[in-house]
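Asker: First the structure, which I've put down as structure tokens, then a few questions once you've had a look.
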Amino acid sequence: MTPGYRGLFVALSTAVAMGIGVLPARAQRGRGDQPSKQPQLPPKWKGDAVVKGKVVDETGKPVAGAKVTFVFVDINSGFFVTTKKNGEFEAEDLKPGEWRMQVDAPNFVVIRQTLAVAAKNAPAVVVVKRDNSPELLTKAEGLFKAGKDAEARAEYLTVLAAHPELTAINRAIAFTYGREKNHPEALKYLDLALAANPNDATLLQLAAASAMEVSDYPRAMAYLGRIDEAALADPDLMVNAAMNLLNRRRSADAATVLTRVIARFPAAGDAYFYRGYASMQAGKPAEAKADLEQYLKLSAPDAPLAAQAKEMLSRIQ
């Protein structure tokens, strides 16, 4: 098991409870606005076509108050209408062409589809599914805590399919793959999570760890290079990454990381020890000596690495 994945967990229920089904419309028709003093040109999506339809649930029951958004693809703008008590809606004044339609209703999965609007259009029936994502996430979190990674991942993927906007789920999916040592898949979902949170130091460190597991060291160093050490509260994350490199005898890469740590945390004794260890590993005893001596100056006599530092210095001297 990669050390970085052990015990990590992301609670997503709150995010889902706050975010599900809340997607802003791109534009509103604007009926009921105060009349402008200046003549207004008609919107570029406006035409003579009409689209009527009905929104129902999986049992055929009408869904009232659903927001049906229409966006004209050519200009990426449009308007929305709201369903009546019987679930019906009517969108007027559409220009023929390609439109995107999105249906949002509380407690239902968001529906998105493309419409080819013509001069005359058959009535549309939109079936929306009840959204059980909060329950699925609660179940997934329980499975994850129990170490049932494949089962947890299945639940996370179901939620992500219904709510691709909940990008934090990619992090949880990556963790399940990481704990299974399936690092190529872990990297895939870590990259997706990083697309939404490019400066997340923990994600970057985990991505570097997975890249090391597949022996892609340039990729690992690229992830570590993106970490802003100035924003770190302590040196542990970067020191752990350097230790991972040392365990793979990547002494030069480890030294690069540790030099960054020391510049940010000049009193971090362990960073000097491991940089000295990297120098010894690389056959550079003179460089190792200075770092090991600095480690002993900064550390208590009974520090965990003190005896090893003294032993290495005895071999140099």
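The values are calculated or read from the model by the stated rules, or taken from the named source; none is laboratory data. What you are looking at is a predicted structure, and each value in this text was computed from that prediction instead of being measured. Here Cβ is always computed from backbone atoms with ideal geometry, including for glycine, and neighbour counts include all displayed protein chains.
Asker: Going by the structure shown, is SER77 in contact with a Pro (Cβ under 8 Å, 6 or more places away or on another chain) and among the polar types (S, T, N, Q)?
Answerer: Details: in contact with a Pro (Cβ under 8 Å, 6 or more places away or on another chain): yes; among the polar types (S, T, N, Q): yes.
The answer is yes for SER77.
Asker: Residue check, SER215 against (1) over 30 Å from LYS188 (Cα atoms); (2) assigned to a loop (DSSP other than H, G, I, E, B), all met but one. Which one?
Answerer: Result: SER215 fails condition (1) only.
Asker: Kindly evaluate LYS139 against the criterion of being out of contact with any Pro (no Cβ under 9 Å at 6 or more places or on another chain), at pLDDT 95 or above and within 30 Å of LEU187 (Cα to Cα).
Answerer: Working: out of contact with any Pro (no Cβ under 9 Å at 6 or more places or on another chain): yes; at pLDDT 95 or above: no; within 30 Å of LEU187 (Cα to Cα): yes.
Spelling it out, it is not the case that LYS139 is out of contact with any Pro (no Cβ under 9 Å at 6 or more places or on another chain), at pLDDT 95 or above and within 30 Å of LEU187 (Cα to Cα).
Asker: Within region 214-248, which residues are of a type in the set (D, E, K, R) and within 21 Å of the chain's Cα centre (by Cα)? Let's see the steps before the verdict.
Answerer: Start the filter on region 214-248 by keeping residues that are of a type in the set (D, E, K, R), which leaves 216, 219, 226, 228-229, 234, 236, 248.
Residues satisfying the conditions are ARG219, ARG226, ASP228, GLU229.
Asker: Inspect region 234-242 for any residue being among the small types (Gly, Ala, Ser) and at pLDDT 95 or above and give the result as yes or no. Don't jump to the end; show me each part of the working.
Answerer: Residues of region 234-242 that are among the small types (Gly, Ala, Ser), as a first pass: 241-242.
The next check asks that each one be at pLDDT 95 or above; those that pass are 241-242.
Yes, the conditions are met somewhere in region 234-242.
Asker: Tell me, which helices (runs of 4 or more DSSP H) lie completely within region 226-317 with 2 or more residues that are in contact with a Ser or Thr (Cβ under 6 Å, 6 or more places away or on another chain) and either crowded, with 16+ Cβ neighbours inside 10 Å or outside the structural domain of ALA207 (by TED's automatic domain parsing) (or both)? Spell out how you get there, then give the answer.
Answerer: On the way: elements: 236-247, 251-264, 269-281, 285-298, 306-316.
Hits in region 226-317: 269-281, 285-298.
Yes or no, residue by residue, for (1) among the β-branched types (Val, Ile, Thr); (2) farther than 24 Å from GLU287 by Cα:
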{"residue": "LEU194", "(1), (2)": "no, yes"}
{"residue": "TYR217", "(1), (2)": "no, no"}
{"residue": "LEU224", "(1), (2)": "no, no"}
{"residue": "LEU232", "(1), (2)": "no, yes"}
{"residue": "MET238", "(1), (2)": "no, no"}
{"residue": "LEU245", "(1), (2)": "no, no"}
{"residue": "THR259", "(1), (2)": "yes, no"}
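Asker: Identify the single condition in (1) closer than 14 Å to GLN113 by Cα; (2) free of Cβ contacts under 8 Å to residues at least 24 places away in the same chain that LYS84 does not satisfy, given that it satisfies every other one.
Answerer: Looking at each condition in turn, LYS84 falls short on (1).
Asker: Determine which single condition SER210 fails, assuming it passes every other condition in (1) hydroxyl-bearing (Ser, Thr, Tyr); (2) closer than 24 Å to ASP191 by Cβ; (3) not assigned by TED's automatic domain parsing to the domain that holds TYR177.
Answerer: Result: SER210 passes all but (3).
Asker: Between a first residue in region 136-154 that is more than 13 Å from GLY178 (Cα to Cα) and a second residue that is of a type in the set (Asp, Glu) and at pLDDT below 95, which pairs have beta carbons less than 6 Å apart while being 6 or more apart in sequence or on different chains?
Answerer: Once the first residue is more than 13 Å from GLY178 (Cα to Cα) and sits in region 136-154, its partners that are of a type in the set (Asp, Glu) and at pLDDT below 95 give LEU136/GLU155; LYS139/GLU155; ALA140/GLU155.
Asker: In region 75-84, is there at least one residue being modelled with pLDDT of 95 or more and part of a loop (DSSP other than H, G, I, E, B)?
Answerer: Checked against the condition, which is being modelled with pLDDT of 95 or more and part of a loop (DSSP other than H, G, I, E, B), region 75-84 yields at least one hit.
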